[in-house]
1. Among the residues of segment 335-351, what is the count of those that are in a strand (DSSP E or B) and under 22 Å from Val390 (Cα atoms)?
2. Looking at (1) in a strand (DSSP E or B); (2) open to solvent by 60 Å² or more (accessible area, probe 1.4 Å); (3) closer than 30 Å to Phe523 by Cβ, find the lone condition where Tyr68 falls short.
3. Among the residues of segment 79-100, write down those that are more than 17 Å from Tyr47 (Cβ to Cβ), open to solvent by 40 Å² or more (accessible area, probe 1.4 Å) and part of a strand (DSSP E or B).
4. Could you give every pair whose Cβ atoms fall below 6 Å, whose first residue belongs to segment 364-385 and is within 13 Å of Asn403 (Cβ to Cβ), and whose second residue is outside any strand (DSSP E or B), counting only separations of at least 6 or pairs across chains?
5. Which one of Ala452, Ala458, Ala397, Ala437 is part of a strand (DSSP E or B), closer than 30 Å to Phe529 by Cβ and at pLDDT 95 or above?
6. Going through segment 276-328 one residue at a time, which ones are among the polar types (S, T, N, Q) and touching a strand residue (DSSP E or B) at 6+ places or on another chain (Cβ under 6 Å)?
7. What are the residues in segment 298-309 that are farther than 23 Å from Leu172 by Cβ and open to solvent by less than 50 Å² (accessible area, probe 1.4 Å), if any?
8. Answer yes if at least one residue in segment 461-481 is open to solvent by 40 Å² or more (accessible area, probe 1.4 Å), part of a strand (DSSP E or B) and acidic (Asp, Glu), and no otherwise.
Amino acid sequence: PDFADPADVQANLRRRKDADTEQTLYGRLGLFWQVTEALEANLTYYYQDQEVGARTVNHDKAFATGTYVSGHRFLEPSEQKNQLLALELGWDLGFARLVSATGYSDYKSNGQRDQTDLLLDFEYGYEDFPSFVAYTREDREEETFNQELRLVSQGDGRWSWIAGAFYNHFTLDSSSAEFVPGYPEFIGLPADTPTLEYLELNDETLEEKALFGELGYLITDRWQVTVGARWFEFDDDLETQFALPLIEPVPGEVNLSGNRNRTSDDDVIFKFNTSYRFTDDLMTYLTISEGYRQGGVNSGPACQNPLPPGQNVCLLPDEVLISPDTTVNYELGLRSTWLDGALLVNASIYYIDWEDIQVQGTSVNGSVAITVNGSSAESKGLELSSQWQVTDSFRLAASYSYNDAQLTSFAPGLVDGYDAFDGDRLSGTPEHQGNLALIYDRELNDRWNLEADYSMTAVSDVYTKVGLRNNGEVLGGFALHNVAVGLSSDRWMVRLYADNVFDKYAVTSVRTDRSFIRPVGDFDLRRYFQGMVRPRSVGLELRYKFDL
């Protein structure tokens, strides 16, 4: 609340420079047990506790903050805890190998966001309060259990096969509460009225099941063919409840109301692959496969019909459900080795035919972030990768990819209500990407080993919205350079590294678009902000292996 006075804005911005701190506690525990000669078990536990001081964003265009400074009125700290338990069992049955993979994860997060500009943008009268501010409290808990059984044939015959089953159970419990300190008194409510302005609760259960299999045949010693199929079904059940306490007959009371939406689907997708090995060092392949991304349910209350006057944060009937999108994928590739295995060169070209493409959008009422379906699209390109062992100590690796992704039919209202057209480039994906790595590894003596590496990654520009419709913009391409040098032994490893060595400044994402850079009453709206590459980071890494 001490950030509410506009006179303190510049002092608060200076504080933002020190807010982007991060602390991470990470742990891993693994246990391998050779139960019998044929049965082995591998149990792994991961733990991560991360505290972040704020988002890495700036309001340079919206509020002239500078390139690494946020203009949010409140800090936006968050804490995230991840736990993952995984058990893998492998059993050699002779004719086949049976693998069981079991996983359980628990994820918890809590934090807060500056919600001031979202509410100001509605222009429901909040802008009449000179010291208006709003912030949220966000809590989220996810639990996931999945199980896969896979039976893989063994032997030297011409036939090979895989058969398996998969199950996944996911639950989500989340809450988002918005607070408007000082506002109840400003509109004439008693001083003890709670400042809770909006509350949303979400309870979701997603269940997935699948059966899959592959059958391969070696036509000759050099030519093989594989066909495969996967049957699956999913059921997504989401219940959303919400409350607007300040407009209740008794202001401050929390009267939850909501709706429950459910969607389900099942399908079968297929795969075909064939490869031919011209020599031991040269192989080509062709893969034709189908892809499926499940649909789901957007989070948010359903709109009343007719809409009541005043504030409405809700989803229209055609904004609630997300349809699945599907693809047919074609890939032709080459795998090769040269110079007696010292040089590896791989190449592929691909074409993807996409239907009912899923893209990010916003709801008509309340600017709720949702997923919407478009029409058809295509993605085509090529990928190149190579690795060259120049000497025993020096290795060079490089890769390049080109991707042309665009709509292939008219998509009415796709971009936040604006139409998109055949030929419009898709958002979020660069056309060109590449990386280069130089690695030097040399044994100094019987105990120590020297390792040094340099890497460069480069991407071309990215569109923020499909076809640059509705105030979309182009985010320029950039290249980042990293270096590291280290010493290692059987137990010790010490490594000095520098990421983004030349301190490149580059924007990687935006929130909303530049049409939101405008005044609302006496406020300069700050809903538009940019995410950017982290500036130069230098660090020292130490590792030690204990003998238990």
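The values are calculated or read from the model by the stated rules, or taken from the named source; none is laboratory data. Everything quoted here is computed from the prediction, not taken from an experiment. Positions of Cβ are generated from backbone atoms using ideal geometry, with glycine treated the same way; all protein chains shown enter the neighbour counts. Heavy atoms of the whole protein, side chains included, go into the accessibility calculation; ligands, DNA and RNA do not. Shrake-Rupley method; radii C 1.70, N 1.55, O 1.52, S 1.80 Å.
1. Looking only at segment 335-351, we keep the residues that are in a strand (DSSP E or B), and these are 335-338, 343-351.
Now narrow it down to the ones that are under 22 Å from Val390 (Cα atoms): 335-338, 343-347.
Of the residues in that region, 9 qualify.
2. (1)
3. So in segment 79-100, the residues more than 17 Å from Tyr47 (Cβ to Cβ) come out as 88-100.
Checking which are open to solvent by 40 Å² or more (accessible area, probe 1.4 Å) leaves us with 88-89, 91-95, 97-98.
Within segment 79-100, Glu88, Leu89, Trp91, Asp92, Arg97, Leu98 qualify.
4. Close Cβ pairs satisfying both conditions: Ala377/Ile357; Ala377/Thr408; Glu378/Thr408.
5. Values: Ala452 fails: closer than 30 Å to Phe529 by Cβ; Ala397 fails: closer than 30 Å to Phe529 by Cβ; Ala437 fails: closer than 30 Å to Phe529 by Cβ.
Just one listed residue meets the conditions, Ala458.
6. Taking segment 276-328 and keeping what is among the polar types (S, T, N, Q), we get 279, 284, 287, 289, 294, 298-299, 304-305, 311-312, 323, 326-327.
Thr284, Thr287, Ser289, Gln294, Asn298, Ser299, Asn312, Ser323, Thr326, Thr327 - these are the residues of segment 276-328 that are among the polar types (S, T, N, Q) and touching a strand residue (DSSP E or B) at 6+ places or on another chain (Cβ under 6 Å).
7. Step one: list which residues in segment 298-309 are farther than 23 Å from Leu172 by Cβ, which gives 304-309.
Within segment 298-309, just Pro308 meets the criteria.
8. No; the residues of segment 461-481 include none that is open to solvent by 40 Å² or more (accessible area, probe 1.4 Å), part of a strand (DSSP E or B) and acidic (Asp, Glu).
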